[in-house]
């Protein structure tokens, strides 16, 4: 009887196109974790600025307010493809640009980046910027040079990575995701992937 009830509920929900509450909860949790991850990256940006190692900013999403509602709530619309999440300058003058992605699962798929995000990172890389993808997989954080992300299939044999695959790109965590401070001995994110 319980299985029949669950099946009936599933059919009713499907026919009325009701959102799956488990997917909604999972989506909210992942969204909250993503915001925490971005805040940890912003803390690192502040540290690097104080140490005069880099000046890096979170780039806001381009949007326009369509309608103001009560209590500071509004309806809005994105007006252009998003720029990379973070951009700035390293000490010495090199440009730095990266996307930030986080997952609570055991792997990160290449396609979490949109085609526009990939095109932007490719363009910045082509012009000489330190372009990379900074990711969090559960409790570990990584700065993956753009060429390794772009050519993931070539380097890892598939279109996703696990923590084990990318230990060379692991970065330190101190309450801030220190995206320029590798756990292993790598000179810098700018030249770490070149010529290999």
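The values are calculated or read from the model by the stated rules, or taken from the named source; none is laboratory data. This structure is a prediction, so every number in the text was calculated from the model and none was measured. Because the Cβ atoms are built from the backbone with ideal geometry, glycine has one as well, and the counts that use them run over all protein chains shown.
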Task: Positions within the stretch 94-104 being assigned to a loop (DSSP other than H, G, I, E, B) and touching a helix residue (DSSP H, G or I) at 6+ places or on another chain (Cβ under 9 Å), in sequence order - done: 104
- [ ] Go through (1) within 20 Å of residue 47 (Cα to Cα); (2) out of contact with any helix residue (DSSP H, G or I) (no Cβ under 6 Å at 6 or more places or on another chain) and name the single condition residue 142 misses.
- [x] (2)
Open item on the list: Every residue in the stretch 105-134 that is under 20 Å from residue 181 (Cα atoms) and part of a strand (DSSP E or B), please.
Closed with: 130, 131, 132, 133, 134
Open item on the list: For residue 134, only one of the following conditions fails: (1) crowded, with 20+ Cβ neighbours inside 10 Å; (2) under 16 Å from the mean Cα position of the chain (by Cα); (3) without any contact (Cβ under 8 Å) to a residue 40 or more places away in the chain. What is its number?
Closed with: (3)
Open item on the list: Give me the residue from the stretch 54-76 that is at pLDDT 70 or above, within 25 Å of residue 117 (Cβ to Cβ) and exposed (fewer than 10 other Cβ atoms within 10 Å of the Cβ) and, out of that set, nearest to the chain's Cα centre (by Cα).
Closed with: 60
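Could you tell me whether residue 158 is surrounded by fewer than 16 Cβ atoms within 10 Å (Cβ to Cβ), modelled with pLDDT of 95 or more and under 19 Å from residue 41 (Cα atoms)?
Working: surrounded by fewer than 16 Cβ atoms within 10 Å (Cβ to Cβ): yes; modelled with pLDDT of 95 or more: yes; under 19 Å from residue 41 (Cα atoms): no.
Criteria not met by residue 158.
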- [ ] For the stretch 103-129, enumerate the residues that are over 16 Å from residue 159 (Cα atoms), at pLDDT 95 or above and surrounded by fewer than 17 Cβ atoms within 10 Å (Cβ to Cβ).
- [x] 119, 122, 123, 126, 127, 128
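Taking residue 3, is it part of a helix (DSSP H, G or I), touching a strand residue (DSSP E or B) at 6+ places or on another chain (Cβ under 9 Å) and modelled with pLDDT under 85? Give the derivation first.
Working: part of a helix (DSSP H, G or I): yes; touching a strand residue (DSSP E or B) at 6+ places or on another chain (Cβ under 9 Å): no; modelled with pLDDT under 85: yes.
No: the conditions fail for residue 3.
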